[in-house]
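Written below as structure tokens is the structure these notes are about.
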Amino acid sequence: MSKTDLSRRGLLRTGAVTSAGLALPTIFTAQSASAFTNDPTGGTVTLGFNVPQTGPYADEGADELRAYQLAVEHLNGEGDGGMLNTFSSKALEGSGILGKKVEYVTGDTQTKSDAARASAKSMIEKDGAIMITGGSSSGVAIAVQGLCQEAGVIFMAGLTHSNDTTGKDKKANGFRHFFNAYMSGAALAPVLKNLYGDDRKAYHLTADYTWGWTQEESIKAATEALGWETVNTVKTPLAATDFSSYIAPVLNSGADVLVLNHYGGNMVNSLTNAVQFGLREKEVNGRNFEIVVPLYSRLMAKGAGANVKGIHGSTNWHWSLQDEGSKAFVRSFGTKYGFPPSQAAHTCYVQTLLYADAVQRAGSFNPCAVAEALEDFEFDGMGNGKTLYRGADHQCFKDVLVVRGKENPTSEFDLLEVVEVTPREQVEYAADHPMFAGGNLGSCNPGA
Amino acid sequence: MDAFLLQILNGLDKGSAYALIALGLTLIFGTLGVVNFAHGALFMIGAFCAVTLQKIFSLSFETVDPDKTDFLGNPLKVKTPYVESWFGPDLGGAIIDWSVPLAILFAIPIMIAVGFIMERGLIKHFYKRPHADQILVTFGLAIVLQEVIKYFYGANPIPTPAPDALNGVANLGAVIGMDIIYPVWRIVYFCFACLIIGAVFAFLQFTTFGMVVRAGMADRETVGLLGINIDRRFTIMFGIAAAVAGLAGVMYTPINSPNYHMGMDFLVLSFVVVVVGGMGSLPGAVLAGFVLGVLESFASMEWAISLIPGINQIIIYLVAIVILLVRPRGLMGRKGVMED
């Protein structure tokens, strides 16, 4: 016969100890679940701005950096607030992020994947950056996005236009505000049809890397759907400077449209060479020969000079837009720096605000909480109309601009004019569209 | 057939730039024995002489147009170039329009001075050092020069167009009943390159100065023993080589908008041209420049790329390997040069 000597006090004591013992691992588990890479513990939070400070896109990188600095000012309650005043979400109050003052470190991507990864790694590991953003190349964006996924920080992409960034190379920790090659094709095609008809013959010159391939695939599909015939597609080396030997075959190819799937210095040189060879004045089958540049930027237009006049392309955003968000941003940026912002500056500024807003709404810097707050977030007042950050692939869907090189610019910045604001519905696509197939978003990685 | 002829023209045009840069490289190597990796930077500085002159001609004063506004909604400041104000819109506009050809006159003294400073200030201290040291110091100098240019002019290409009168196309095949459309400025560039190459050869061949330089290239010590200050003449040749590269750069600006990196784009190719032509051989450099330019153009044709994918990117190096295997001295190389 056993004797159980159990008093009320003993039972309480035993229960408390048992509960504490059982709860202890749970506390540890819970603590480790909330821990994440570079959890900011002091009064500040550090963002990492990874932009090309050297190399061919250094000017674009400088404009991105200006935009980031402006965004930090606005987040910390300095300056006129810019788009914080027009942003539909009112979570941000100009008091930093979750009450922490925003600081930043910068890295130089050099527009080289390995250098960009190294600078991002350094900012994460040495400087404690909680988020990485920036860049002017799809190759770089995909490389850094992969690194951020492994490191457990959020990557808010800068200027990257390849379908692959949110297609086959998409990552749960990566988010893109900038539009993509598919959207360029979808926006441009109807305008091209109205301008040039539906029985054109197109010749493509394409930069031989990820962005060029997806740009060619997208614009080719969009124009062929109109009834255009693709006469030829020729890949050109990324390092090419003189495109005369690629332009010359166009002359007798029977094509009456040249599509230049080039960006940056490639685009400046190929367009200049095409104009030199008289393609703008050429007639084929009784019709004017036309040149199309699917992805335009103001800095490229500046480099190509008068050659861009009358040439159509697409762009993510332009400073001449008259919505309240764009006007607020242009006013802030222009007052501070003396000239209007580029589309690269715009997307970088917006990405920083979107990240900060997501943290504020989530109430946490945990990348998984931030990702959840960004996914399927719909907002307005940031310059492109109502915008959706689609959860399925982390791609922003918004209005896209079709632009044309201006015939009579009034200043060195007044180089492009908006021909059409293509509504968001026209550039949307299914998350499993074949051009974006092959990737897996995976699951969010908080790191640590 | 038209496409074939067009690629020959393209090749000759590309070859013009290669030949001019390689000619200067060879002059420096032949006279001073220096492998000058900063020569591409001299080409780039020449191009920026044209940019600078265009900027000087475009210097403007501002007047406020109350009827128009800028991007911030302030009254628009309209810029009027001083030259248009001084000489009238027609003549002033023509001066700005012709800034690239006028930059030839602007660039010659600047490039000679840059060459002198480079040679006297830095390179002469490396004459007796191994070629590896010379390559390192001149390559470092090239990086410094391009970063200086980037600091002042930015990284973005700067449009520097040809005069309107030379901006169109010409049908070179009209006389033979063919349709060979080619840009006028590229024809001008080819003719200009031929003129410069001819002038350099004539200078070396038919002047006393040139004769002494050639003698110095063949046997520096003997010329020195004759009481001739060959070092001074070689310094002048460095200046001339710098001017040749600079002029090639000036005239190249309408073909491709200049940027700080353009020198590096040409440097490696030009060295291959020098090696293929034969180290120290001036005719070899010119011949190899044109030959490799034409081959590069043909390699960019669709049939070539479909036959051997990527041939357009490797053709020059492939030819260099074959030439060096078959004829290690290059096409017109002299015995004993770089063979020790």
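The values are calculated or read from the model by the stated rules, or taken from the named source; none is laboratory data. The structure presented is a predicted model; accordingly, all values stated were derived computationally and were not measured. In this analysis, Cβ positions are derived from the backbone assuming ideal geometry, glycine residues included, and neighbour counts consider all displayed protein chains.
The table below gives the values:
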| item | result |
| --- | --- |
| Pick from region A:152-209, criterion among the small types (Gly, Ala, Ser) and part of a loop (DSSP other than H, G, I, E, B), ranking: surrounded by the most Cβ atoms within 10 Å (Cβ to Cβ) | A:GLY158 |
| Flag for A:GLU290 being within 12 Å of another protein chain (Cβ to nearest Cβ) and acidic (Asp, Glu) | no |
| Filter result (at pLDDT 95 or above and of a type in the set (Gly, Ala, Ser)) within region A:315-332 | A:GLY325, A:SER326, A:ALA328, A:SER332 |
| All positions within region A:268-297 that are of a type in the set (S, T, N, Q) and touching a residue at least 60 places away in the same chain (Cβ under 8 Å) | A:SER270, A:SER297 |
| Subset of region A:301-311 that is facing another protein chain (nearest Cβ under 8 Å) and under 19 Å from A:GLY61 (Cβ atoms) - its residue that is surrounded by the fewest Cβ atoms within 10 Å (Cβ to Cβ) | A:LYS302 |
| Number of positions in region A:243-282 that are within 9 Å of chain B (Cβ to nearest Cβ) and among the charged types (D, E, K, R) | 2 |
| Pick from region A:403-429, criterion modelled with pLDDT of 95 or more and part of a loop (DSSP other than H, G, I, E, B), ranking: nearest to B:THR69 (Cα to Cα) | A:PRO423 |
| Residue ranges of helices (runs of 4 or more DSSP H) in region B:1-109 with at least 2 members in contact (Cβ under 8 Å) with a residue 24 or more places away in the chain and either more than 26 Å from B:ASN259 (Cα to Cα) or over 24 Å from the mean Cα position of the chain (by Cα) (or both) | B:2-32, B:82-97 |
| Residue, surrounded by the most Cβ atoms within 10 Å (Cβ to Cβ), within region A:210-232, restricted to residues that are over 28 Å from A:GLN343 (Cα atoms) and either at the interface with another protein chain (Cβ under 8 Å from one of its Cβ atoms) or out of contact with any helix residue (DSSP H, G or I) (no Cβ under 6 Å at 6 or more places or on another chain) (or both) | A:TRP228 |
| Residues that are touching a residue at least 60 places away in the same chain (Cβ under 8 Å), surrounded by fewer than 19 Cβ atoms within 10 Å (Cβ to Cβ) and within 14 Å of chain A (Cβ to nearest Cβ), drawn from region B:128-149 | B:GLU147 |
| Qualifying position, being of a type outside the set (Phe, Trp, Tyr) and under 30 Å from A:GLY325 (Cα atoms), among A:ASP63, A:ASP114 | A:ASP63 |
| Search result, residues across region B:44-84 that are closer than 22 Å to B:PRO161 by Cβ, touching a strand residue (DSSP E or B) at 6+ places or on another chain (Cβ under 9 Å) and among the hydroxyl-bearing types (Ser, Thr, Tyr) | B:SER58, B:SER60, B:THR80, B:TYR82 |
| The one condition in (1) more than 14 Å from chain A (Cβ to nearest Cβ); (2) among the aliphatic types (A, V, I, L, M); (3) not in a helix (DSSP H, G or I) that B:ILE158 fails to fulfil | (1) |
| Qualifying residues in region A:352-390 (those that are of a type in the set (Ser, Thr, Tyr) and within 16 Å of the chain's Cα centre (by Cα)) - the one surrounded by the fewest Cβ atoms within 10 Å (Cβ to Cβ) | A:THR387 |
| Hits in region A:60-88 - residues which are of a type in the set (Asp, Glu) and farther than 15 Å from A:HIS346 by Cβ | A:GLU73, A:GLU78, A:ASP80 |
| Filtered residue count, region B:13-53, keeping only those that are of a type in the set (A, V, I, L, M) and within 11 Å of another protein chain (Cβ to nearest Cβ) | 1 |
| Residue in region B:96-113 that is loosely packed, with under 15 Cβ neighbours inside 10 Å, under 30 Å from B:PRO130 (Cα atoms) and away from chain A (no Cβ under 14 Å) present | yes |
| Positions within region A:324-338 being facing chain B (nearest Cβ under 8 Å), surrounded by 19 or more Cβ atoms within 10 Å (Cβ to Cβ) and either of a type in the set (Val, Ile, Thr) or touching a residue at least 24 places away in the same chain (Cβ under 8 Å) (or both), in sequence order | A:VAL330 |
| Filter result for the condition that a residue is on the phi < 0 side of the Ramachandran plot, away from every other protein chain (no Cβ under 14 Å), free of Cβ contacts under 8 Å to residues at least 60 places away in the same chain and in a helix (DSSP H, G or I), over A:ALA373, A:ALA356 | A:ALA373 |
| Residues satisfying the stated conditions in region A:87-123, i.e. in a strand (DSSP E or B), acidic (Asp, Glu) and either farther than 22 Å from A:GLY174 by Cα or more than 20 Å from the chain's Cα centre (by Cα) (or both) | A:GLU103 |
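Residue-wise test of (1) touching a Leu at 6+ places or on another chain (Cβ under 7 Å); (2) under 26 Å from A:SER342 (Cβ atoms); (3) hydroxyl-bearing (Ser, Thr, Tyr).
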{"residue": "A:THR236", "(1), (2), (3)": "yes, yes, yes"}
{"residue": "A:TYR246", "(1), (2), (3)": "yes, no, yes"}
{"residue": "A:SER270", "(1), (2), (3)": "yes, yes, yes"}
{"residue": "A:ALA274", "(1), (2), (3)": "yes, yes, no"}
{"residue": "A:ARG280", "(1), (2), (3)": "no, yes, no"}
{"residue": "A:GLU283", "(1), (2), (3)": "no, no, no"}
{"residue": "A:PHE289", "(1), (2), (3)": "yes, no, no"}
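Results for (1) on the phi > 0 side of the Ramachandran plot; (2) surrounded by 12 or more Cβ atoms within 10 Å (Cβ to Cβ); (3) basic (Lys, Arg), shown as yes or no for each residue.
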site	(1), (2), (3)
B:MET211	no, yes, no
B:MET217	no, yes, no
B:ARG220	no, yes, yes
B:VAL223	no, yes, no
B:ARG232	no, no, yes
B:ALA243	no, yes, no
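Quick grid of which residues meet (1) within 20 Å of B:VAL35 (Cβ to Cβ); (2) under 24 Å from the mean Cα position of the chain (by Cα); (3) acidic (Asp, Glu):
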| position | (1), (2), (3) |
| --- | --- |
| B:LEU282 | yes, yes, no |
| B:VAL286 | yes, yes, no |
| B:GLY289 | yes, yes, no |
| B:SER300 | no, yes, no |
| B:TRP303 | no, no, no |
| B:ILE308 | no, no, no |
| B:ILE315 | no, yes, no |
| B:LEU324 | yes, no, no |
| B:ARG329 | yes, no, no |
